[in-house]
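For reference, the structure discussed in these notes is given below.
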Amino acid sequence: MAAEFENNGARRQAMLRGDVRDLLAGGLLLVFAAAVLLSVRGLAFGSITRPGPAAFPAVLSIFLIGVAALVLVRGLRARAQPFGAVAARPLAAVTLAFVGFGLTVERAGLVAATVVLVVCAAFGFERLRRLETVVIAVCLSAFGALVFVWLLRLPLPLWRW
C-alpha cells in the first residue's frame, strides 16, 4: 500500500511540468502588459519624431510581452519544483512601503514619502540595519528630488510641513 502511494506521488510529480514560480511570474507579466496595451489603444501613437501619449506605454508593454514570453518558455522547460512557503514579512513590508509612499507623497512631500518607503521596506529584513536604512533613505530622497523635481520639473512638493 505504501509503495503504491509513493508511485502515485512520483507519477503526479512527473505529470507536473514547469517551474511554477516562472509560470506565475510570466503569466502575471503577460496579463499586466496586455492590460496596458489594451488601455492605450484609444490614444494617439504619434510618430518617431513626435510620439503621442500611447507611444511609450505601448512600446514598453510590447517589450514586456516579449520578456513574459521568455519567462514562460523558461518556466515550461524547467523541471517541476515545489512552490515553497511565501515569506510573509518581506511581502507585507514592501506592500506597506508602497501604500505608505502613496499616502504621504502629496501630504508630506517627496522627501518624507521616500523616507517612509525606505523605512517600511527595511522592516522586511530579518535584521534591521539602521545606518544602511538612513543612508539609503537620504540617497533615494536626493535622487528623487534631482530627477523628478529639478530635471523633469514634475510638480511634486519636496516638503510640506
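The values are calculated or read from the model by the stated rules, or taken from the named source; none is laboratory data. Given the structure is predicted, the values throughout are model-derived calculations rather than measurements. Counting neighbours? That spans all protein chains shown, and the Cβs are built from the backbone with ideal geometry, glycine included.
Among the residues of the range 100-112, is any part of a helix (DSSP H, G or I) and over 24 Å from Ala145 (Cβ atoms)? No, because not a single residue in the range 100-112 is part of a helix (DSSP H, G or I) and over 24 Å from Ala145 (Cβ atoms). Residue count for the range 49-62, restricted to those that are without any contact (Cβ under 8 Å) to a residue 12 or more places away in the chain and either assigned to a loop (DSSP other than H, G, I, E, B) or of a type in the set (A, V, I, L, M, F, W, C) (or both): 6. Filtering Ala113, Ala97 for residues that are under 12 Å from Ser141 (Cα atoms), buried (at least 19 other Cβ atoms within 10 Å of the Cβ) and of a type outside the set (Ser, Thr, Tyr) leaves a single hit, Ala113. Evaluated against (1) closer than 28 Å to Ala25 by Cα; (2) aromatic (Phe, Trp, Tyr); (3) touching a Leu at 6+ places or on another chain (Cβ under 8 Å), Phe148 falls short on exactly one condition, (1). Of all residues in the range 23-48, none that is more than 15 Å from Val67 (Cα to Cα) and assigned by TED's automatic domain parsing to the domain that holds Leu60 has its Cβ atom under 8 Å from the Cβ atom of a residue that is charged (D, E, K, R) and modelled with pLDDT of 90 or more, 6 or more apart or on another chain. Restricting attention to the range 131-161, the residues that are in a helix (DSSP H, G or I) and exposed (fewer than 11 other Cβ atoms within 10 Å of the Cβ) add up to 3.
Every listed requirement among (1) exposed (fewer than 15 other Cβ atoms within 10 Å of the Cβ); (2) farther than 21 Å from Val134 by Cα; (3) among the aliphatic types (A, V, I, L, M) is met by Ala92 save one, (2).
For the range 116-130, give me each residue that is surrounded by fewer than 13 Cβ atoms within 10 Å (Cβ to Cβ) and assigned to a helix (DSSP H, G or I). Residue satisfying the conditions is Arg130 alone. The lone criterion from (1) at pLDDT 95 or above; (2) exposed (fewer than 14 other Cβ atoms within 10 Å of the Cβ) left unmet by Phe56 is number (1). Only one of the numbered conditions (1) surrounded by 13 or more Cβ atoms within 10 Å (Cβ to Cβ); (2) more than 19 Å from the chain's Cα centre (by Cα) is violated by Leu64, and that is (2). If you check Gly26 against the conditions, is it in contact with a Cys (Cβ under 8 Å, 6 or more places away or on another chain), surrounded by 13 or more Cβ atoms within 10 Å (Cβ to Cβ) and either in a loop (DSSP other than H, G, I, E, B) or not acidic (Asp, Glu) (or both)? Here the answer is no, as Gly26 does not meet what is asked.
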